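Report on one structure; see the data block that follows.
The values are calculated or read from the model by the stated rules, or taken from the named source; none is laboratory data. Computed from a predicted structure; not experimentally measured. As a convention, Cβ positions derive from the backbone with ideal geometry for all residues, glycine included, and neighbour counts pool all protein chains shown. For the accessible areas, the whole protein counts, side chains as well, though only heavy atoms, and no ligand, DNA or RNA atoms are used. Shrake-Rupley method; radii C 1.70, N 1.55, O 1.52, S 1.80 Å.
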Amino acid sequence: MRGHLPRLVALAGPVYGELLSGVVASVVGAYWVAGLGAPAVAAVTLAGTVENLLLGLVLVVASGTTVRLAHAHGAGDPAGAGRVARAAWRLCALGSLLIAVPGFLARHRIADAFLDGEAAALAADWFTVSFPAFALFFAQRIADELFKGVGDTRTPLRTALLGNALLLALDPVLILGPGPFPALGVTGAALALTASRAVALAVAALLRRRHRLPAPVGGLRAEGRAITATGAPFGLDFTARMGVGAVQLGLVAAFGVSAVAGYGVGYRVLLIVTMAFYAVRQAAAIEAARLTGAARRAGVDPAAAVRSLARDTAVLAGALGAGAALLCVAAARPVTALFTDDPAVTGEAVGFLRAAGCYLLPYALVVALGGVRQAAGDGRRPVVAVLVGLAAQLASGAALSGPFGISGLWAGTTIGALVQLALLLVPVPRRRIGAVGDEPVRNGPEEASEIRLIERKAPA
């Protein structure tokens with residue numbers, strides 16, 4: 001491997017393990033809840049949907065923290081790094097308060113707005129635990145990002161593995177109550193999740209001693225604004241994709257229960273492979289922010305280094321996307337057989353996974369390259385590309401589903417991804433690159449050689 005590829009792989013590998021462990025724990029938890037009946041499954045599904053919506057807000061602070069901290073780390077600015085950390089914790093405390101208190105007070109109204117009867121009551125039980133514990137969810141994400149911002153993606157992997165292992169052990173105990181333990185059902189599932197996050201956060205806090213930063217007092221309000229501005233494109237990207245996913249599910253539902261079930265099976269399989277794309281995205285964002293910080297320290301334009309990073313990111317993401325596409329096409333039927341033996345559901349899932357073979361390569365490139373641009377201070381274009389591309393996905397999918405059935409809906413996802421990629425790659429006038437909130441950098445007379453020096457001297 002050459003250039004930035006070794007570092008990208010070193011950063012992305014642990015992130016993928018962290019993301020994958022969360023997916024596995026979620027699937028196993030859903031298995032235990034399924035034994036409680038349809039109302040419990042509906043309640044937990046609603047709880048997961050609400051948490052995904054809140055995750056979009058959390059990602060604004062979490063992603064902004066990672067990028068700003070990596071930028072300060074690359075610039076060799078320990079005081080700036082300490083300011084980022086303090087501002088991030090303040091935003092975490094404020095955000096937790098603004099969401100947890102109203103959410104807890106409105107828990108029954110939220111549940112009743114989507115469900116009724118027993119399912120609504122069970123959802124309210126979950127929210128009784130989850131809204132007060134929202135601060136744990138938020139704080140755990142911030143703790144992870146403070147490690148990632150200085151290039152340490154292995155520690156968040158270790159804490160994620162610890163927390164998810166504890167969750168796997170607690171779920172059957174608190175949900176089903178074997179032996180002397182009382183069966184708490186959905187409330188037990190919420191308590192198990194809360195306990196696992198509390199332990200992971202406590203361990204992360206202990207390990208933070210290795211990355212102790214200065215604690216400057218001034219400039220925290222300005223840094224908080226910079227974190228929010230930097231992280232906003234990441235949060236908007238995630239929220240838009242979640243919203244379109246909900247609309248897509250509604251379009252699939254028009255083709256019947258088997259189509260929805262097949263889509264659900266295929267979607268879970270895709271989560272396993274697409275998490276790799278998001279791992280590369282995080283790694284590329286960390287590295288792009290570090291390079292722009294190093295350029296600021298040297299007083300030169302980091303454009304050449306960022307372009308080099310983008311090329312290597314595209315190579316890695318392209319290889320992962322192509323591999324995932326081939327895997328989905330070749331292994332669609334045997335993989336689906338692990339989840340269901342219903343012929344109708346199997347047919348829908350196999351059709352979805354094979355259609356995804358056309359979608360995964362451009363999607364991988366969009367996800368990974370968007371991380372480079374957003375972390376380098378050019379967050380507007382990826383957001384516009386995502387919004388326009390997702391609109392094209394829904395419009396084309398709805399139009400094609402008439403004459404071509406559900407296959408037309410799947411074709412819409414490919415069209416949307418290609419539109420996003422085209423908008424992301426279309427040439428634009430060259431501009432200076434820098435992280436949000438920084439002073440403009442000057443162009444050095446020997447930019448190429450200076451950028452090579454930056455990359456050699458930048459902190460690892």
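Paramagnetic label reach from residue 407 (point 7 Å along Cα→Cβ; backbone nitrogen cut-off under 16 Å): within the range 352-371, residues 352-359.
Need one word for the range 98-210: rounded, prolate or oblate. Basis is the Cα gyration tensor (sqrt eigenvalues a ≥ b ≥ c); a/c below 1.5 gives rounded, then a/b vs b/c decides. Note, shape of the range 98-210 comes out oblate.
Over all distinct Cα-Cα pairs of the range 40-148, the Kirkwood formula returns a hydrodynamic radius of 15.0 Å.
Quick check on packing: order 224-236, 87-99, 394-406, 366-378 by the mean number of other C-beta atoms within 10 Å, highest mean leading.
Result, highest mean Cβ count within 10 Å first: 366-378, 224-236, 87-99, 394-406.
Along its three principal directions, the equivalent ellipsoid of the range 279-332 from the Cα gyration tensor extends over semi-axes of 32, 10, 4 Å, largest first.
If N is the number of residues in the range 373-425, what value comes out of its Cα radius of gyration divided by 2.2 N^0.38 Å? Mind dumping the intermediate values first?
Numbers: Rg = 12.8 Å, N = 53, 2.2 N^0.38 = 9.9 Å.
Rg over 2.2 N^0.38 Å, computed on Cα atoms: 1.29.
Summed over qualifying helices (DSSP H, 4 residues or more, each -39500 (n - 2.57)) and divided by its residue number, the chain shows a 222 nm mean residue ellipticity of -28500 deg cm²/dmol.
Take the Cα gyration tensor of the range 218-310, multiply each eigenvalue by 5, square-root it, and list the three semi-axes largest first, rounded to whole angstrom.
Gyration-tensor ellipsoid for the range 218-310: 39, 18, 10 Å.
In Å³ and rounded to a whole number, note down the convex hull volume per residue for the Cα atoms of the range 129-175.
Working: hull volume 2.4 nm³, N = 47.
Once divided by residue count, the hull of the range 129-175 is 50 Å³.
For the range 313-434, the equivalent ellipsoid derived from the alpha-carbon gyration tensor has semi-axes of 31, 18, 9 Å in decreasing order. Compared with the dominant Cα axis of the chain, that is its longest principal axis, helix 117-130 is turned about 30°. Our compactness index for the range 144-272, the C-alpha radius of gyration over the empirical 2.2 N^0.38 Å, is 1.46. When the alpha-carbon atoms of the range 65-123 are used, the pair Rg, Dmax equals 19.2, 58 angstrom. Available extension along the chain between residue 34 and residue 319 is 98.9 nm, counting 0.36 nm per residue and deducting the alpha carbon span. Here the peptides 130-138, 349-357 are ranked by packing, the mean other Cβ count within 10 Å, and the order with the highest first is 349-357, 130-138.
Could I have the simple spin-label model distance between residue 113 and residue 23, label points 7 Å from Cα toward Cβ, reported in nm to one decimal? With each label point 7 Å from Cα toward Cβ, the separation is 3.0 nm. The distance from the alpha carbon centre of the range 129-168 to that of the range 172-196 is 21 Å, rounded to a whole number.
Annotation: Cα Rg of the range 240-286 relative to the compact-globule expectation 2.2 N^0.38 Å equals 1.43. Among 45, 413, the sequence by solvent-accessible area, most first, with a 1.4 Å probe is 45, 413.
Stokes-Einstein, applied to the Kirkwood radius of the chain over Cα pairs at a viscosity of 1.567 mPa s and 4 °C, places its translational diffusion at 56 µm² s⁻¹. Mean separation of Cα pairs under 8 Å and 6 or more residues apart, divided by the residue count, gives the chain a relative contact order of 21 percent.
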